[in-house]
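Bear in mind that the values in this text are calculations on the coordinates, not laboratory data. Please read all numbers here as calculations on a predicted model, not as lab measurements. Positions of Cβ are generated from backbone atoms using ideal geometry, with glycine treated the same way; all protein chains shown enter the neighbour counts.
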Amino acid sequence: MGKRRTNQEWQMLIEQSESSSLSTLAFCKLNELNPSTFYAKRQQLNKRDVSLGFVRAEVVEKTTTYQAQIATANMTLLINDVELSIPQGTPAAYLAELIGALS
């Protein structure tokens, strides 16, 4: 009868087998393991890992509000190769004074 191993020891052996370049049968022979036992333990531990891998998820509704800003175009004034960009909403009195000063 072979040595009794813990699940942790089996897990280490399975990981070593997966990282080695040996076939499973060659790994079992090298480590004096019964291949049937090895396959059964690997399947058992994989099922256990899968069942432990799930966590309860909670769906949380989140609402995001976007406020679109309308792009406002600037007014462009071109006088004698000089370009002046004036924001929309500039008072008419200021524009009249500016045009008068540039003339």
Among all the aspartates and glutamates, which ones have a C-alpha under 13 Å from Lys3's C-alpha, if same-chain residues fewer than 8 places away are not counted?
Glu32
Can you pull the one-decimal nm distance between simple spin-label points at Lys3 and Ser23, each 7 Å off the Cα toward Cβ?
2.5
Exposure proxy check on Ser85, Ser20, Ser103: fewest-to-most Cβ neighbours within 10 Å is Ser103, Ser85, Ser20
Hydrodynamic radius by Kirkwood for the chain, inverse mean 1/r across distinct Cα pairs, in Å, is 21.5
In what sequence do Tyr39, Tyr66, Tyr94 fall when counting other Cβ within 10 Å, fewest first?
Tyr66, Tyr94, Tyr39
